[in-house]
Amino acid sequence: MPTLAHITDLHVAPLPPVTWRQIANKRVLGYVSWHRKRKHEHRGEVLDALCRDLAQQAPDHVCVTGDVTNLGLAAEYARAPEWFARLGPPERVSVIRGNHDAYVAMPHAETLAHWTPWLAGDDGATAPPTLRRRGAVSLIGVDTALPTPPFMASGRVGQAQAERLDALLAQEGAAGQVRVVLLHHPPQPGVVGRRKGLHDAPRVRAVLAARGAELVLHGHMHVPMTAELPGPTGPIPVYGAGSASSAGTGRMPPAQYHLVTVTQDARGLRLAVTGRRYDSARAAFGPAPSDAEAPFAA
Ligand SMILES: [Fe+2]
């Protein structure tokens, strides 16, 4: 049973130099927001501390649930693999996109092509949903990112992807795998408004309710959160992590991430999800008080 780390919303700093032509669109709002506020909140030294903590915790696999970039710039895409490599080789690091990674429509060759080794499923395909089996755990990567108008940060899965998700969940469930669904936007109701939410979340919840999953991991909210969604044999635990780069000096809580272990005991399979949180005074991560354990029916 591999152990997993779940990190999200890296918003890697600093922002690369931009031309006016590159930001003469929705990006101008993000550019202004970055320089007025976000660059003070998303800090490179926090990501450095995260890398040190991950090296100590030594998970078998790292899941990154999106928002690696800030403005979805080609330069941000091109440099991200250097950062992924600090987490581990592509076979041990799985990445999906967030809304900031699709800020405006961009050519594939300038964006996702750079991330193929980290995005692709075991079959080499990058079209979502992707499937990576790591021992008894099946990681299913769902892409909710799409370019949106200014002031929007919403997401969508779409019918075709939802149908393939349904088939993958059924296939991996029949194989007895521990199914972990990765997506950027939270799929549960009531945590985010329409402007920033997953527009077809009911469709995703219907698939999960019918086929089941053992765990859902998401980002987007920049705060740690837990929820449950109905599954065919019981509730499905849903965990959202905080931003991995937040210094915690503004309104946003400090950086936080999850460690997931799957164990077998007399009661059956159990998932344990624990939190690690950044402490700016020590410039280091430590246990988060919101540790929780979520049992599930195998
Ligand atoms: Fe984000």
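Observations
- Rel. contact order, % - alpha carbon contacts under 8 angstrom, at least six apart, the range 164-298: 17
- Tilt relative to the chain, helix 159-174 - C-alpha long axis, 0 to 90 degrees, to 10: 40
- Point-charge dipole on Cβ atoms (K/R +1, D/E -1) for the chain, about Cα centre, debye to 20: 840
- Principal-axis analysis of the Cα atoms of the chain puts helix 74-87 at an angle of about 50° to the longest axis.
- For the range 171-298, DSSP calls about 80 percent of its internal beta bridges antiparallel.
- Sequence-separation-based contact order of the chain, relative, with Cα cut under 8 Å and 6+ spacing, percent: 20
- The chain: antiparallel DSSP beta bridges as a percent of all, rounded to 5: 60
- Protection proxy ranking of 50-59, 235-244 - average other beta-carbon atoms within 10 Å, highest first: 235-244, 50-59
- Cα gyration tensor category, rounded, prolate or oblate, for the range 196-298 with a/c compared to 1.5: oblate
- Sparse packing (at most 12 other Cβ atoms within 10 Å of the Cβ) combined with a DSSP loop state is found for the following chymotrypsin sites (Phe, Trp or Tyr not before Pro) in the range 87-166: PHE151.
- Counting 0.36 nm for each residue step from ALA174 to GLU91 and taking away their Cα separation leaves a gain of 27.5 nm.
- Placing a pseudo-label 7 Å from each Cα along the Cα-to-Cβ vector at ARG251 and ASP122 gives an inter-label distance of 4.4 nm.
- Of ASN25, ASN70, ASN99, the residue with the greatest mean-square motion in the GNM of the chain, using alpha carbon springs below 10 Å, is ASN25.
- For ALA78 and ASP265, the FRET efficiency from 1/(1 + (r/R0)^6), where r spans their Cβ atoms and R0 equals 41 Å, is about 0.35.
- Cβ-Cβ FRET estimate between MET152 and THR233, R0 fixed at 45 Å, reported to 0.05: 0.80
- Residue (of VAL28, THR111, ALA281) at the positive-pole extreme of the chain, dipole from beta-carbon charges: VAL28
- Between the helical axis of 201-211 and the longest alpha-carbon principal axis of the chain there is an angle of about 20 degrees.
All of the numbers you see were taken from the coordinates with simple rules; none came from a lab. Remember, predicted model here, so these are calculated numbers, not experimental data. Ideal geometry is used to build each Cβ from the backbone, glycine not excepted, and the neighbour counts take in all protein chains shown.
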